[in-house]
Amino acid sequence: MTHRPKVRVCVWGVTVVVLFSALVTVGACGDSGQPAQTSSTGSYRTATVEELATALKDSAGVQLVDVREVSEWRATGVIAEAKLISLGDLKDRAADELAKDRPVYVICRSGSRSRTGAQTLVELGYREVYSVAGGITAWIEEGLPVVPYSE
């Protein structure tokens, strides 16, 4: 009696599992140009820090909102062009400080709060909204400039 067919089935099964795992991993990576979140009112996109730097340099009218807290602004500095509006204040201050007809980039420390802030702006009717992946941490790691926070 030979056990060879069982070995082939087992090896084939392991191969299928490995290939499926690879496909799931690749599919989960995503494209930064695709909508990161969608709601009934619209969606925002994810941008890299490089894309933000280019937009700030090349595009007049780009708005940048830093939704971190004051203690974080003090600790790392801020991007010179940023409007400093903590996430908790965003709903109340957006209408007075941000134009709905211009692109808005939202940045935080690492990217989590910026997604929440971006979704908030979409729900408030802002049409072109970007969450900056990696946040100020990625910005600084890329050697991009910050200035000291001043009240």
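Of all residues in region 101-116, those satisfying the criterion of being over 14 Å from Glu51 (Cβ atoms) and either surrounded by 21 or more Cβ atoms within 10 Å (Cβ to Cβ) or touching a helix residue (DSSP H, G or I) at 6+ places or on another chain (Cβ under 7 Å) (or both) are Cys108, Arg109, Ser110, Arg113, Thr116. Where helices (runs of 4 or more DSSP H) fall wholly inside region 1-95, the ranges with 3 or more residues that are modelled with pLDDT under 95 and loosely packed, with under 10 Cβ neighbours inside 10 Å are 4-29. Evaluate region 109-116: report whether one residue or more is assigned to a helix (DSSP H, G or I), more than 16 Å from Ala47 (Cα to Cα) and touching a strand residue (DSSP E or B) at 6+ places or on another chain (Cβ under 8 Å). Checking region 109-116: not a single residue is assigned to a helix (DSSP H, G or I), more than 16 Å from Ala47 (Cα to Cα) and touching a strand residue (DSSP E or B) at 6+ places or on another chain (Cβ under 8 Å). Listed by first and then second residue, the pairs linking a residue in region 117-133 that is buried (at least 18 other Cβ atoms within 10 Å of the Cβ) to a residue that is at pLDDT 95 or above and of a type in the set (D, E, K, R), with Cβ atoms under 7 Å apart and 6 or more places separating them unless they lie on different chains, are Thr120/Lys91; Tyr126/Lys100; Tyr130/Arg45; Ser131/Arg115. Do the conditions hold for Arg127, that is, is it of a type outside the set (Gly, Ala, Ser), within 17 Å of the chain's Cα centre (by Cα) and farther than 13 Å from Tyr44 by Cβ? No. Of all the listed residues (Gly61, Gly125), the sole one being in contact with a Pro (Cβ under 9 Å, 6 or more places away or on another chain) and over 17 Å from Val49 (Cα atoms) is Gly61.
The values are calculated or read from the model by the stated rules, or taken from the named source; none is laboratory data. Source: prediction; values computed, not measured. Glycine also receives a Cβ, built like all others from the backbone with ideal geometry; neighbour counts cover every protein chain displayed.
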